[in-house]
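The block underneath contains the structure these notes are about, expressed in structure tokens.
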Amino acid sequence: YRNNNTILKEIQDGFYKCITCMDTSGKKFLIGDSLNKKLGMITLLCGGNDRVKEIEYKELGNIVSPSSLSYINDGFVYVGSVSGDHQLIRIHNSKNWRRDDDDDVDIDVELKNKDQDELMIIDDSDNDDDITNNNENKSGANDDDDDSDFEMNGYIELIHEFDNLGPIQDMICVDLQRQGQSQIVCCSGIGSDGSLRIIKNGIGIDEVACIDMPGLEGLW
């Protein structure tokens, strides 16, 4: 689209329901497409006198159907949704952020196991050939899988999901374990973001730490 010497590249048709600013200059914005469940970034390219000459659009990746966007800092974004679980995501500068992270881990492991690898001696050359061929085949398959994973969700890394029971379309009260304690099974969410949830009365336990202390007989 061209209007008064301002160029906007064509973007995918959708329902762009929410938007948030990414920087203090007001030239980068995140927009959420609730129809296609996509997150995009709009950048205003300015010339002299801060006059916008071009509007650049980049599709970042898949998210839950968004209802609100809140940019936190350092690429972290909170995605609120009325049809599914809320998400905390991180936007990376490259689509290969998974590979970069794996490379860092591989380097650390290689340094730790360097001495052990130097001490390992295998005399059977046939086994060496078999191991090499198997590793090449596995690495080739893994490379294909990794390449598909890199493109799976673009620049977006899912950090955490926050449960959202609503909207509840239907529910039923049942005693699944037949112990006289009823539970609620509800249909939560909308469309592909929907799921079955079980709501029950009880106390949840989260293990924070474990310490071996034999001989305990009481706790206060």
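Where a number appears in this text, it was derived from the coordinates with a stated rule and is not lab data. This is a predicted model, so every value here is computed, not measured. Counting neighbours? That spans all protein chains shown, and the Cβs are built from the backbone with ideal geometry, glycine included.
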*Can you tell which of ASN153, LEU196, ILE184 lies farthest toward the positive end of the dipole of segment 152-210, using +1 and -1 charges on the Cβ of basic and acidic side chains (Lys, Arg; Asp, Glu)?*
ILE184
_Length added when fully stretched, ASP170-ILE199, from 0.36 nm per residue minus Cα-Cα_ = 9.1 nm
*Between ASN36 and GLU54, what length in nm is gained on full extension when 0.36 nm per residue of separation is reduced by their alpha carbon distance?*
4.0 nm
*Let a ≥ b ≥ c be the square roots of the eigenvalues of the Cα gyration tensor of segment 157-206; is it rounded (a/c under 1.5), or, if not, prolate (a/b larger than b/c) or oblate?*
oblate
_Two-site label geometry, TRP220 and GLN12: point separation in nm, points 7 Å out along Cα→Cβ_ = 6.3
*asked:* Please report the net charge: other residues with Cβ closer than 15 Å to the Cβ of CYS187, K and R +1, D and E -1.
replied: -3
*Residues with beta-carbon under 14 Å from that of PHE162, excluding PHE162: net charge, scoring Lys, Arg +1 and Asp, Glu -1?*
-3
*asked:* Run the simple label-point estimate for LEU88 and ASN62 please: 7 Å along Cα→C-beta, distance reported in nm.
replied: 2.3
*Hey, what do the phi angles of segment 190-206 turn into as Karplus ³J(HN,Hα) couplings, whole Hz, using 6.51/-1.76/1.60 and θ = phi - 60°, x for Gly and Pro?*
9, x, 5, 8, x, 6, 8, 10, 10, 10, 9, 8, x, 10, x, 10, 10
_Projected label distance in nm at ASN73 and ARG178, using a 7 Å step from Cα toward the beta-carbon_ = 5.7
